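Engineer: First, the structure itself, so that you have it in front of you.
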Amino acid sequence: MTALSPQRPARRPRGSARGTALTAATWAIALLFVSPVLWLVLTAFKEENQAATDPPTLFFQPTLDRFTAVLGADFLPYAGNSLIATVASTVLVLVLGLPAAYALSIAPVKRTQDVLFFFISTKMLPVVAVVVPIYVAASWLSMLDNVWTLVVLYTAMNLPIAVWMLRSFFLEVPGAIVEAARVEGAGLGRILWSVMLPVMAPGIAATALICTIFAWNEFFFAVNLTAAQAATVPVFLTGFITSEGLFIAQLSAAAVMASLPIVVVGWTAQRQLVRGLSMGAVK
């Protein structure tokens with residue numbers, strides 16, 4: 001009867017240590033990028049005298065007083081203006097951008113590349129160079145301090161990016177689907193609504209979310225073309241920088257409340273967003 005030789009311990013794969021180190025480094029980098037947001041949220045729950053201490057106050061009794069103060073400072077009208085400008089401009093961008101992207105991809109027009117370059121070249125112009133003519137035109141039309149002026153400007157601001165993104169998503173749709181729909185007698189509207197849009201839903205969601213983020217966070221046009229009636233959330237945040245000082249805790253609470261709608265929308269649409277941004281990445 002032969003004696004059983006002792007089993008050697010299983011050798012750890014060489015790649016496991018490297019994978020563990022890579023995972024730890026990834027988490028460290030992620031925490032580094034997220035740390036300002038975490039600090040902003042923590043500061044929003046502090047008292048004002050705890051928000052600017054040196055060294056920082058790490059242990060404190062959380063309070064909701066700063067959020068109550070923000071709501072008491074008429075935050076909701078500013079949020080309403082931002083909501084109207086963001087939603088209306090995003091809808092207009094999709095209504096105008098989808099046919100344009102379709103024409104530049106599935107049914108290209110003459111000098112398509114020149115048209116695409118013209119679209120994107122409008123983003124190269126500094127915004128400060130056009131604010132004076134826009135201000136004068138809005139004044140002539142009696143549209144200063146009007147939320148619909150922001151809707152038009154945000155639509156023009158986001159439309160070039162949306163056309164480029166939607167065109168890339170259209171190009172990922174197999175041409176055989178469009179040809180089959182044409183053979184069946186479907187017109188342009190039917191092809192767009194019943195064939196293309198269901199296939200492109202993730203891409204449309206990604207485009208809409210990016211346009212929503214840009215419109216919600218836009219500050220330059222809002223601060224120069226609005227006053228009291230149509231001011232948006234970014235303009236509201238500047239109200240906490242006063243001659244008496246900077247109200248850091250209250251500003252943090254306002255920033256958290258301003259960011260919350262976009263975070264909720266992004267979290268809700270994250271699956272569609274990931275699918276849309278990865279369309280065409282894997283063949």
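The values are calculated or read from the model by the stated rules, or taken from the named source; none is laboratory data. Because the structure is predicted, anything quoted here is derived from the model rather than measured. All Cβ positions, glycine included, derive from the backbone under ideal geometry; neighbour counts span all protein chains shown. These area figures cover heavy atoms from the full protein model, side chains too; ligands, DNA and RNA do not enter into them. Shrake-Rupley method; radii C 1.70, N 1.55, O 1.52, S 1.80 Å.
Engineer: May I ask for the Rg/Rh ratio of region 50-168, computed from Cα atoms with Rh as the Kirkwood radius, given to two decimals?
Structural biologist: Taking Rh as the inverse mean 1/r over Cα pairs, Rg/Rh reads 1.18.
Engineer: Computing the accessible area with a 1.4 Å probe over protein heavy atoms, can you report the carbon and sulfur percentage for region 72-277?
Structural biologist: Carbon and sulfur together cover 71 percent of it.
Engineer: Turning to a different aspect of this structure: Going from the alpha-carbon gyration tensor of the chain, what semi-axes, largest first and in whole Å, does one get by taking the root of 5 times each eigenvalue? If you can, show how the numbers build up before the last one.
Structural biologist: On the way: eigenvalues 322, 295, 49 Å².
Largest first, the chain gives 40, 38, 16 Å.
Engineer: With θ taken as phi - 60° and the coefficients 6.51, -1.76 and 1.60, list the Karplus ³J(HN,Hα) couplings across region 262-270 in order, rounded to whole Hz; mark glycine and proline as x.
Structural biologist: 5, 4, 5, 4, x, 5, 5, 9, 5
Engineer: Okay, moving on. What would the Debye equation give as log₁₀ I(q)/I(0) for region 88-128 at q = 0.27 Å⁻¹, counting only Cα atoms as equal point scatterers?
Structural biologist: -0.96
Engineer: In Å², what does the accessible area per residue of region 72-277 work out to with a 1.4 Å probe?
Structural biologist: Each residue of region 72-277 exposes 53 Å² on average to a 1.4 Å probe.
Engineer: Please state, to two decimals, what the Cα-based radius of gyration of region 114-243 comes to when divided by 2.2 N^0.38 Å (N = residues).
Structural biologist: Values: Rg = 19.4 Å, N = 130, 2.2 N^0.38 = 14.0 Å.
It is 1.38.
Engineer: For R182 and F219, what is the calculated FRET efficiency with R₀ set at 41 Å and r taken between the beta-carbons, to the nearest 0.05?
Structural biologist: Given R0 = 41 Å and the Cβ-Cβ separation, E is 0.35.
Engineer: In the neighborhood of L153, defined by Cβ-to-Cβ distances under 15 Å, what is the net charge if each Lys or Arg adds +1 and each Asp or Glu adds -1? Could the numbers behind the result be given before it?
Structural biologist: Details: positive: K123; negative: D145, E218.
That works out to -1.
Engineer: Taking the Cα centre of region 39-117 as the origin, how large is its charge dipole in debye, to the nearest 20, when only Lys and Arg (+1) and Asp and Glu (-1) carry charge on their Cβ atoms?
Structural biologist: Using only the charged Cβ atoms, the result is roughly 540 debye.
Engineer: Starting from the 7 Å offset along Cα-to-Cβ, what nm value, one decimal, do you get for the label separation of V95 and L58?
Structural biologist: Going by the 7 Å Cα→Cβ label model, 5.4 nm.
Engineer: Another question, then. When only DSSP loop residues count, what trypsin sites (Lys or Arg not before Pro) in region 42-111 have their Cβ near at most 16 other Cβ atoms within 10 Å?
Structural biologist: Numbers: sites: K46, R66, K110, R111; in loops: K46, K110, R111.
Filter output for region 42-111: K110, R111.
Engineer: Suppose every K and R has +1 on its Cβ and every D and E has -1 on its Cβ; what is the size of the dipole of the chain about the Cα centre, in Debye to the nearest 20?
Structural biologist: Values: 16 positive and 12 negative charges, 345 e Å.
Charge dipole, the chain, about its Cα centre: 1660 debye, nearest 20.
Engineer: Further question on the same structure: Note down the nm distance, to one decimal, between modelled labels 7 Å out along Cα→Cβ at L38 and at R111.
Structural biologist: A separation of 5.5 nm, rounded to one decimal place.
Engineer: For the residue pair A228 and L76, what label-to-label distance in nm results when each label sits 7 Å from Cα along the Cα-to-beta-carbon direction?
Structural biologist: It is 2.0 nm.
Engineer: Roughly speaking, what is the stretch gain from L197 to R271, that is 0.36 nm per residue apart minus the C-alpha to C-alpha distance, in nm to one decimal?
Structural biologist: Length gained, L197 through R271: 24.9 nm.
Engineer: Next up: For the chain, modelled as a Gaussian network with Cα springs under 10 Å, which listed residue fluctuates most, A17, A269, A230?
Structural biologist: Most flexible of the set in this elastic network: A17.
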